[in-house]
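What follows is one structure encoded as structure tokens, with my remarks underneath.
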Amino acid sequence: MDESGGSGQPRSGTDRPTKPHAGPTAHTTDPTTPDPHENGNPSATPSTEAAHADRAGDSAQQPTADDDAAQDTPASDGTGTPTPTEVPPTGNETGTGDVEHPPAPGTDPRAPADLPRPEAPRAPHPTDDHRTLAHSGAPKSPPPQSPQPRGGLLMGRPFGVPVYVAPSWFLVAALITWVFGGQLDRVLPELGAARYLVSLFFAVAFYASVLVHELAHTVAALRFKLPVRRIQLQFFGGVSEIEKEAETPGREFVLAFVGPLLSLILAGLFYLAMQPVEPGTVPGVLLAGLMVSNLIVAAFNLLPGLPLDGGRMLRAVVWKITGRPMSGTIAAAWVGRALAVCVLIGLPLLTQSGALGSSAEDNVGMDTVMDALLAAILAAIIWTGAGNSLRMARLREHLPDLRARTLTRRAVPVETDTPLSEALRRANDAGARALVVVDPEGTPLSLVREAAIVGVPEHRRPWVAVSGLAQDITDGMRVSAELAGEDLLDTLRATPATEYLVVEDTGEIYGVLSAADVERAFVKAMARPS
């Protein structure tokens, strides 16, 4: 990461000097020095979206991602299934590194350079990588993209939030139809093949209850002015992708609790609806099934471990006591992992013992295998969701370290007809690693792409003009040097590109921000200990 960037100002493509641009003072780099990132392979695409997930019920959470520690919330579902995050989105991590601090008051690391006058040396930039522009490699990974997964079939936009049905839902609906149909055959044998139609209705009604559970989280989030990207119904439940974290532990608790509360209310309503209905009929069986299923959803999500709603509530309590949201996340995540182990071992044992309602003699053979498989899937979902919550918490804690000003590369301005070889010579003389194409008045027009430079053989560089390798600067590619954290990542995701022009609030050119540099800093931020 760089402490300073900007446009070291050599002469333009003509012999007359161009209009000076403010930029950091230049320093000379050694082309032979190896690039510490040359063999790096950053794989995470930044994303900060908080996601709230609820599986088989769900969990109010702003994910959000981990290994064992890191922005509250890539999305994870209530049982823990992580939803697509913008990070590797929200992302995985390896590597170390610290972000340098801004210059002390009264100093200016970006004193204007007025080449060819000799310039004072400056401290090396981490993003300079001790290499020249001519020797720099192409970005190792794509720029930050704005993850906009469709998520399946769009069903509507209640409260302005899109609701999607994922393809996996149809698989689960078929499974519920088959299992519930078998149960109906024992209770209502006279239905015959029509029992599967009744079972399909039950599957749809059950997921409608899950949608109400999710909408409770969504309405609470919107009430607290937290943006919700979408709701998705999928395998084992639903996911509410909330993009920001609650600002206080009280709001976090309410946001998590409203989901199970609505499930309990639904269970009560179905119980009341059962009273005038004759038992042993199709309406009676359906209402009883929906009552029991909503009770299970509520009870499951109230378990005190991430990524379940109960885990969010436990996190809020610990956050309130300690004053640190990270402490709450760590406590709730480890409880969630303990729950995953209990589910993996305890669910098959309970089934075999007959404690769940069937005789122990009946729970043999294929049923035993299915119970073990179901327990393994639930345990994996909960374990993964807990880890995701840790990773995202770490990311949120270190996200302010991502600052446009410290990540910006020094840049030099060149006019459109400047040969690439001459532009590279000027950049290397100035210790810069970026080129900005300007008009004769010094107004920036486009950015020369690093990947395009690498693709031009050295013997052809004197005959290739920089304008042919540049990307026009759009409004979205102008980034304020003051941007940091989530604001910076949101700006880059809104306009995907490989390079961005960084400017001061006055409009003065500060330098060029490479998406690859942001990704490397993103990975390092997630790898740093809390």
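Using a probe of 1.4 angstrom and keeping all protein chains present, the accessible surface of the range 195-274 works out to 40 square angstrom per residue. Prolate is the label for the range 402-530, because a/c, from the alpha-carbon gyration tensor with a ≥ b ≥ c as root eigenvalues, is 1.5 or above and a/b exceeds b/c. The phi-based Karplus calculation (6.51 cos²θ - 1.76 cosθ + 1.60; θ = phi - 60°) puts the 3J(HN,Hα) values of the range 448-454 at 6, 7, 4, 5, 5, 4, 4 Hz, whole numbers, x for Gly and Pro. Please work out the Cα center distance from the range 374-431 to the range 283-300, rounded to the nearest Å. Result: 47 Å between the Cα centres. For Tyr164, nonlocal amide neighbours, meaning residues 5 or more places apart or on other chains whose placed amide H falls under 5 Å from its own, are Met155, Ile231, Gln232, Leu233.
A cut-off of 5 Å between modelled amide H atoms, ignoring neighbours fewer than 5 places along the same chain, links Val414 with Val436, Val437, Val438.
One chain, two ends: Gln183 and Glu247. Fully extended at 0.36 nm per residue, the span grows by 18.4 nm beyond their Cα-Cα distance. Taking all protein chains in place and a 1.4 Å probe, what share, in percent, of the accessible surface of the range 285-328 do carbon and sulfur account for? The value for the range 285-328 is 80 percent carbon and sulfur by accessible area.
Classify the range 394-461 from the C-alpha gyration tensor, please: rounded if a/c falls under 1.5, else prolate or oblate depending on whether a/b exceeds b/c. Here the range 394-461 falls in the prolate category. Under the simplified labelling scheme, the Arg460-Thr443 pair shows an inter-label distance of 3.2 nm, with each label point 7 Å from Cα along Cα→Cβ.
The packing ranking of peptides 309-316, 400-407, 176-183, highest mean first, is 309-316, 400-407, 176-183, where packing means the average number of other beta carbon atoms within 10 angstrom of each residue. Annotation note: GluC sites (Glu not before Pro) in the range 400-505 located in DSSP loop regions with a Cβ neighbour count of at most 15 within 10 Å are Glu441, Glu482, Glu504.
The values are calculated or read from the model by the stated rules, or taken from the named source; none is laboratory data. On a predicted model such as this, the values are computed, not experimentally measured, just so you know. Don't worry about glycine lacking a Cβ; one is built from the backbone with ideal geometry, like all the others, and counts go over all protein chains shown. Keep in mind that these areas ignore ligands, DNA and RNA; they rest on the heavy atoms of the full protein, side chains included. Shrake-Rupley method; radii C 1.70, N 1.55, O 1.52, S 1.80 Å.
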